[in-house]
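I have placed the structure first, in the form of structure tokens, so that the comments after it can refer back to it.
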Amino acid sequence: MLAAARPDSTVYHREWQLRRLAAGLCHLTPAQVTTDDLARFVAGRSWAQETTRNNLAAWRSFFGWAQATGRTQSNPAALLARVRQPHRAARPAPEQVLSDALAQAGPQDRLMLLLAAHLGLRRAEIANLHTDDLREGIHGTHLRILGKGNKERVLPVVGELRELLLSRPRGYVFPGHDNGHLSAPYVGKRMSRLLGPGWTAHTLRHRFATVAYAAQRDLFAVQSLLGHQSPETTRHYVQLPADAAWAAVAAASR
């Protein structure tokens, strides 16, 4: 993955998934693992559908590589049933939840919350943010973000968020011990603690998508800002604006 120039966050997450599997099957070498072993491991976990899907994909990739390079004779993950992509409704963090979190946040946590709520950054993108990502262009200040799949996007930065970022000393915006910056899981935990039960950094990303769509009704613009490959993915981040729902029902009732 490093040779393929995958983002640090992707490498970290994949390694963590494989370490968890190795700990659960510590009595076996990779060459000894069978499809039944993997199936029993999954059955013993109360994972959400998306978590199961992501882990199975990681295992297929790892054992496929092991087979292709002669480290194992087969890919035991290849025969596992595929999990469909779940289609959940958008769940944006309410404005009151965000307001309460900002009111009790210190300077560093406040910046994390604003990056997620006002720019839609993922927790890994927040953790990896560097002051060199902040640029000046003909339209003003912007952030250059390298997201999932090395997909680059440019995000305008205005207001308080711009001032906070410009005031940071050169280097990682959130310095730490994970290759010089904080880890993505740690950033996520800090934000979740402030937001309260049931709300996460990802729900702030949904909040950004919903507010951005309500402003312009341009799904493709929101797709670009979020760094999604497909507008179908973006659609599940956007909650239908209340005025649009009322207008649709009113029109149908005439």
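The values are calculated or read from the model by the stated rules, or taken from the named source; none is laboratory data. Note that this is a predicted model, so its numbers are computed, not measured. Here the Cβ positions follow ideal geometry from the backbone for every residue, glycine too, while neighbour counts run over all protein chains shown.
A compact table of results
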{"read-out": "Some residue of the range 120-131 being assigned by TED's automatic domain parsing to the domain that holds Tyr237, in a strand (DSSP E or B), within 21 Å of the chain's Cα centre (by Cα) and over 30 Å from Val42 (Cα atoms)", "value": "yes"}
{"read-out": "Selection status of Thr72, assigned to a helix (DSSP H, G or I) and among the hydroxyl-bearing types (Ser, Thr, Tyr)", "value": "no"}
{"read-out": "Selection status of Val249, surrounded by 13 or more Cβ atoms within 10 Å (Cβ to Cβ), over 20 Å from Asn150 (Cα atoms) and not basic (Lys, Arg)", "value": "no"}
{"read-out": "Enumeration of residues in the range 82-119 that are part of a helix (DSSP H, G or I) and in contact with a Phe, Trp or Tyr (Cβ under 9 Å, 6 or more places away or on another chain)", "value": "Val97, Leu98, Ala101, Gln108, Leu111, Met112, Ala116, Ala117, His118, Leu119"}
{"read-out": "Residue tally, condition within 23 Å of Asn150 (Cβ to Cβ) and free of Cβ contacts under 8 Å to residues at least 60 places away in the same chain, over the range 210-228", "value": "5"}
{"read-out": "Hey, Leu28 part of a loop (DSSP other than H, G, I, E, B), farther than 30 Å from Arg235 by Cβ, free of Cβ contacts under 8 Å to residues at least 40 places away in the same chain and not assigned by TED's automatic domain parsing to the domain that holds Tyr237 or not", "value": "yes"}
{"read-out": "Tally, over the range 73-103, of residues that are of a type in the set (Ser, Thr, Tyr) and in the same structural domain as Ala212 (by TED's automatic domain parsing)", "value": "1"}
{"read-out": "Members of the range 11-25 found to be farther than 23 Å from Gly70 by Cβ and outside any helix (DSSP H, G or I), listed by number", "value": "none"}
{"read-out": "Residue within the range 91-111 that is within 30 Å of Arg14 (Cα to Cα), modelled with pLDDT under 95 and acidic (Asp, Glu) present", "value": "no"}
